[in-house]
Structure formats: structure tokens, C-alpha cells
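Here is the structure we will look at, set down as C-alpha cells.
The values are calculated or read from the model by the stated rules, or taken from the named source; none is laboratory data. Everything numeric here is computed off the predicted structure, so don't read it as measured data. Cβ placement follows ideal geometry from the backbone for every residue including glycine, while neighbour counts extend to all protein chains displayed.
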Amino acid sequence: MTDRTGTMTTPDPDLEELPVSERSVSRAHLLRATGLGVAGATISAATGSAATAAPSRGEHPNVRLIRAYYEAYGAGDLSALRRFLAPDVRWTIPGHHPLAGVKVGVTQVLAFFAQLARAGFRADPICLAADGDWVVDLHRGWSTQPAGLDITWALAFRIATGRIAEAINCPGDQHAADAFFWRVYPLAPIPDRLADR
């Protein structure tokens with residue numbers, strides 16, 4: 001077997017032991033295995049070099065900020081995430097599920113992250129790219145408690161004064177995300193579901 005450069009490689013022994021019908025590989029795994037994300041494939045085609053989520057010298061400062069944010073997120077320390085967020089941050093979660101909507105301010109965004117932590121959400125960046133005040137991120141995002149959602153996500157981060165001022169989250173499969181969030185985060189029965197006025 002050869003890789004994308006023509007170098008001989010050894011097959012993954014864990015996959016070799018499985019029958020062909022059980023060898024499931026996610027899109028994110030394939031993109032990471034080739035060293036390319038969607039944006040990276042475009043950059044690679046244009047420049048002749050691979051683009052990956054690995055840090056490089058001369059990296060845009062906003063990309064470094066988002067890379068550090070993902071490291072803190074991966075550590076599971078919600079208080080460490082506070083330093084990355086502007087006080088009036090706006091975080092948009094699309095969809096038709098209990099966690100969807102625009103979160104405004106650090107308190108609401110961290111409360112959203114606390115809910116994601118209940119499902120053991122993880123994120124593995126595939127590609128990060130910056131243009132001015134914006135960073136676009138493509139990553140594999142998956143749940144571990146319970147397992148069941150493993151898709152590619154794209155986020156657009158607007159950076160202001162060295163902090164995340166806005167984030168727009170776009171799942172690669174909105175229907176799968178909606179179904180998962182409804183299953184894991186059911187609404188309370190009425191009247192407990194309704195806010196006091």
C-alpha cells in the first residue's frame with residue numbers, strides 16, 4: 001500500500017482484523033490521514049504543498065489564538081476558556097434542538113460548553129485559516145457520553161482585540177446534530193420547562 005506521496009506504508013492492523021463490512025472510517029479521519037482538509041486541499045492544489053492543522057512558524061496570530069483555544073477546550077477546563085472570550089461574545093449554534101440559538105456573553109457561552117461537556121464532546125482540528133479578523137476552522141467533533149455523533153464541523157471566528165468576539169458554528173450534518181441533541185438534552189415536562197415571568 002502507498003500513501004499520497006507514493007511511499008510504501010503498512011496497513012493499520014486494527015482495521016485488518018475487522019471484516020470489510022465493519023471497517024468504518026469517518027470523513028474527518030480520511031482528511032487527517034491524507035494531511036488535508038477541504039481548505040487545505042484547495043491550498044495544496046494552488047501551491048503544491050500540504051496544509052494541515054499542525055502549527056507552523058509565521059502562523060497568523062489569530063490562528064495561534066484559536067489553536068490555543070482548542071488546547072484549553074480539549075483539557076476540559078471551562079474557566080481556562082474565559083480568557084479567549086470577549087465580554088460580549090456572540091456564539092451562534094444553528095439548528096432546531098434544545099442547545100440551538102445565539103449565546104451572548106461569556107456566561108451563556110460557558111454554560112453552553114458545560115452542556116457539551118455532559119456529552120463528552122471532543123474536537124480535533126483539521127484545518128485553520130485566517131483572513132483579516134476572521135479564522136475559519138474545520139474540525140472533527142464527536143461525542144463520547146453517549147457516543148453517537150461524529151461529524152465534521154466548520155466554525156467562523158471573528159477576533160477583536162485578541163479575543164473571540166463572534167463564532168458561527170456550522171455542522172456538516174445538521175439533521176444528525178439535531179437528532180443527537182434532542183436525544184441527549186430532552187426538555188423538562190411542562191410547567192418546569194417554562195421560564196418564570
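Here is a yes/no grid of residues against (1) touching a Pro at 6+ places or on another chain (Cβ under 7 Å); (2) of a type outside the set (K, R); (3) surrounded by 13 or more Cβ atoms within 10 Å (Cβ to Cβ):
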site	(1), (2), (3)
D77	no, yes, no
R82	no, no, yes
W91	no, yes, yes
H96	no, yes, no
L99	no, yes, yes
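Given the criterion within 12 Å of the chain's Cα centre (by Cα) and at negative phi, identify the matching residue among D137, D88, D131, D77.
D137
Look at A114 and say whether it is over 21 Å from P186 (Cα atoms) and among the small types (G, A, S).
The answer is no for A114.
List the residue pairs whose Cβ atoms are under 8 Å apart, where the first residue sits in segment 169-197 and is of a type in the set (A, V, I, L, M), the second is assigned to a loop (DSSP other than H, G, I, E, B) and at pLDDT below 85, and the two are 6 or more positions apart or on different chains.
The qualifying pairs are L187/R193.
Out of the residues in segment 145-197 meeting the condition of being small (G, A, S) and under 30 Å from P61 (Cα atoms), tell me which one is surrounded by the most Cβ atoms within 10 Å (Cβ to Cβ).
So the first thing to find is which residues in segment 145-197 are small (G, A, S), and the list is 147-148, 154, 156, 160, 162, 165, 167, 172, 176-177, 179, 188, 195.
Those left that are additionally under 30 Å from P61 (Cα atoms): 154, 156, 160, 162, 165, 167, 172.
Working: A154: 18, A156: 14, A160: 12, G162: 12, A165: 17, A167: 21, G172: 15.
The extreme case among them is A167.
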